[in-house]
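Below is one structure, written out as structure tokens; comments come after it.
The values are calculated or read from the model by the stated rules, or taken from the named source; none is laboratory data. Treat the numbers as computed from the prediction; the structure is a model and nothing was measured. Positions of Cβ are backbone-derived with ideal geometry, glycine not excepted, and every protein chain shown enters the neighbour counts. When the accessible area is computed, the model is the full protein with side chains, heavy atoms only, and any ligands, DNA or RNA have been set aside. Shrake-Rupley method; radii C 1.70, N 1.55, O 1.52, S 1.80 Å.
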Amino acid sequence: MIFHSEKMQKIKPSGIRELFARAQGIPDTISLGIGAPDIQTPDGLKKAAMNAIDFNYNNYDQSPGNSKLRNMISRKYKNEYGVDYSLDEVIITCGGVELIYVALQTYLKKGEEVLIQDPSFLTYPHQVQLAGGKTVWMPSTSDFKIDIEKMKELVNKKTKMMILNFPSNPTGAIMEKKELKALVDVAVDNNLMIISDEVYEYFTFDEKKHVHIGAIDDAYERTLTANSFSKTFAIPGWRMGFGVSTAEIMKPILGYHTYVIANATTPTQIALANYMETEEAQEFQEFMRKEFQQRRDTIVDGFNSIEGIRCHKSSGSFYCYPDISESKYPTGKEFSDEAFKEARVVLVPGTEFGPTQTHNIRASFGSVSLPKIEDVLHRLTKFLEY
Ligand SMILES: Cc1ncc(COP(=O)(O)O)c(C=O)c1O
């Protein structure tokens, strides 16, 4: 007997979660599959969480989130990007994923279209579908930016919003301020909302600075920024996300959020509010950025030294996205299946991230240490030997 609703009919299981499950318990497997840091949560933050429980912060908190934490987030945006968000313009959610889900549920009407880059974080199109909307894929340039001229042609009366994500999962690309401004102009000209997913804001390399889209002229009033502590403080399992926008955009999102989760977990909010102001927090962010840049250099150079693999240098996030079309396994799916079978290396086929992504694989260097990266490169070199 089938009990589920029709909206579940087109939802397929997450390929990444399947890969994750497949690698569990198989000895000598190295997974570059999952988008989570292998680095341990900093000690000060762990202690802050234990203290919060010990000091009995175990009750419900306000639905938009703990006021001290929202204050810290408001200060962060002022200090880092010069943008003012008042307390009612900040929300704490159950991961960045909950915020994007709730925003789509709140704002999308049936059949409205959402522009999403091909390739993108695989959750977006499923969430759009669950909200009754339709994904329209924005093509990428050869360096994985959004092709602005081509995207303009996709805008029509049904287009409601665009989802942007820089630094990008899965490609590691970032777009410069003037390029993002051109996207904002398209949004302004066509009265589109922007959801800007900036969960990798602290992981930018080679002195490149993150651009907060809400700080670009004309973007503020139409942008919801989704963010998260998952990657920044290596706590993906805590499910702590947050967002900023105008009070007008935020109000209905808050209404929906209240009936879904009531409030994000209380002790973890207290822990983060107390931890964010410490020196250790700043140092940890810088440590992560440096570590990921070093790993990026090793893995990208390593991939480019293997015959059949070509890899763009990621500018941010902790992913790289090599093209394997000149290898003996020319599709991402084949490559990923065979690399798992033959070399015990887990990589995600590009088709998980967008409909035209047959020639790439995503490798998460956030989830493996440098010695393991060296091992992966060695295994893949042998695996591809003709
Ligand atoms: C682009 C992007 N957005 C959002 C998320 C989800 O973050 P959270 O753990 O806060 O739900 C991820 C996680 O991989 C991601 O890559």
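Please check the chain for the longest run free of trypsin sites (Lys or Arg not before Pro) that are loop-located per DSSP (anything but H, G, I, E, B) and have at most 15 other Cβ atoms within 10 Å.
Answer - 210-312.
How large is the translational diffusion coefficient of region 262-313 in µm² per second when you combine the Kirkwood radius over alpha carbon pairs with Stokes-Einstein at 10 °C and 1.306 mPa s?
For these conditions, the coefficient is 113 µm²/s.
For the chain, build the charge dipole from Cβ charges (+1 Lys, Arg; -1 Asp, Glu) around the Cα centre, then report which of PRO322, SER31, ILE195 sits farthest towards its positive end.
Comparing the listed Cα positions along the dipole, ILE195 ranks first.
Within the chain, what percent of beta bridges assigned by DSSP are antiparallel, to the nearest 5?
Here the share of antiparallel DSSP bridges comes out near 45 percent.
Under unit Cβ charges (Lys, Arg +1; Asp, Glu -1), what dipole magnitude, rounded to 20 debye, does the chain have relative to its Cα centre? Kindly include the intermediate steps, with their values, before the conclusion.
On the way: 44 positive and 51 negative charges, 181 e Å.
It comes to approximately 880 debye.
Remind me, relative contact order of the chain in percent, using alpha carbon pairs under 8 angstrom and six or more residues apart?
24 percent
Would you kindly derive the ³J(HN,Hα) couplings of region 140-149 from the backbone phi angles with the Karplus curve 6.51 cos²θ - 1.76 cosθ + 1.60 (θ = phi - 60°), listing them in order in whole Hz, with x for Gly and Pro?
9, 7, 5, 9, 6, 8, 6, 6, 5, 4
Given H placed 1.01 Å from N in the peptide plane, which residues other than close sequence neighbours of MET193 have an amide H under 5 Å from its amide H?
So MET193 has HN proximity to MET161, MET162.
I'd like the antiparallel share, as a percent to the nearest 5, of DSSP beta bridges with both residues in region 57-278.
The antiparallel proportion sits near 35 percent.
Based on the inverse mean of 1/r over its pairs of different Cα atoms, what is the Kirkwood hydrodynamic radius of region 268-386, in Å?
15.4 Å
Averaged over every viewing direction, what's the projected area of the C-alpha convex hull for region 57-278? Give it in nm², one decimal, please.
The Cα convex hull of region 57-278, projected and averaged over all directions, gives 11.6 nm².
May I ask you to give the solvent-accessible area per residue for the chain, in square angstrom, as obtained with a 1.4 angstrom probe?
45 Å²
In debye, nearest 20, what is the charge dipole magnitude of region 32-100 about its Cα centre with +1 on Lys and Arg Cβ and -1 on Asp and Glu Cβ, if you could check? Don't skip to the answer; put the middle values down first.
Working: 7 positive and 9 negative charges, 40 e Å.
The dipole of region 32-100 has a size of about 200 debye.
As I understand it, the dipole of the chain uses +1 on the Cβ of Lys and Arg and -1 on the Cβ of Asp and Glu, about the Cα centre. Which of PHE166, MET8, VAL136 lies farthest toward its positive end?
MET8
Starting from one equal scatterer on each C-alpha and no solvent at all, send me the Debye-based log10 I(q)/I(0) for the chain at q = 0.06, 0.08 Å⁻¹, two decimals.
Debye output, listed in q order: -0.23, -0.41.
Which pairs in the list LYS231/LYS341; LYS110/LYS160; LYS209/LYS313; LYS231/LYS251; LYS10/LYS110 are over 21 Å apart, alpha-carbon to alpha-carbon?
Where the Cα-Cα span goes over 21 Å, the pairs concerned are LYS231/LYS341; LYS231/LYS251.
With θ set to phi - 60°, apply the Karplus curve 6.51 cos²θ - 1.76 cosθ + 1.60 along region 188-202 and write out the HN-Hα couplings as whole Hz, x wherever there is a Gly or Pro.
5, 4, 10, 6, 9, 7, 10, 9, 10, 8, 10, 5, 9, 4, 8
Determine the gain in length on full extension of the stretch ASP218-ASN56; use 0.36 nm per residue of separation and subtract their C-alpha separation, reporting nm with one decimal.
54.0 nm
Could you give the radius of gyration (one decimal) and Dmax (whole number) of the Cα atoms in region 69-175, in Å?
When restricted to Cα atoms, region 69-175 yields Rg and Dmax of 15.4, 41 Å.
Suppose every Lys and Arg Cβ carries +1 and every Asp and Glu Cβ carries -1, with no other charges. What dipole size does region 254-299 come out with about its Cα centre, to the nearest 20 debye?
280 debye
Summarise the accessible area of the chain (1.4 Å probe, protein heavy atoms) by the percent that is carbon and sulfur. Kindly include the intermediate steps, with their values, before the conclusion.
On the way: 8830 of 17250 Å².
Solvent-exposed carbon and sulfur of the chain make up 51 percent of the total.
What residue among VAL155, SER228, ASN71 has its Cα farthest toward the positive end of the dipole of the chain, where the charges are +1 on Lys, Arg and -1 on Asp, Glu, each on the Cβ?
After comparing all options, I get VAL155.
Spelling out what I want: for every residue of region 324-338, take phi, set θ = phi - 60°, compute 6.51 cos²θ - 1.76 cosθ + 1.60 (Karplus), and round to whole Hz; glycine and proline get x.
10, 5, 9, 8, 6, 10, x, 10, x, 5, 4, 4, 5, 4, 6
Can you give me the orientation-averaged projected area of the convex hull built on the Cα atoms of region 123-192, in nm²?
4.8 nm²
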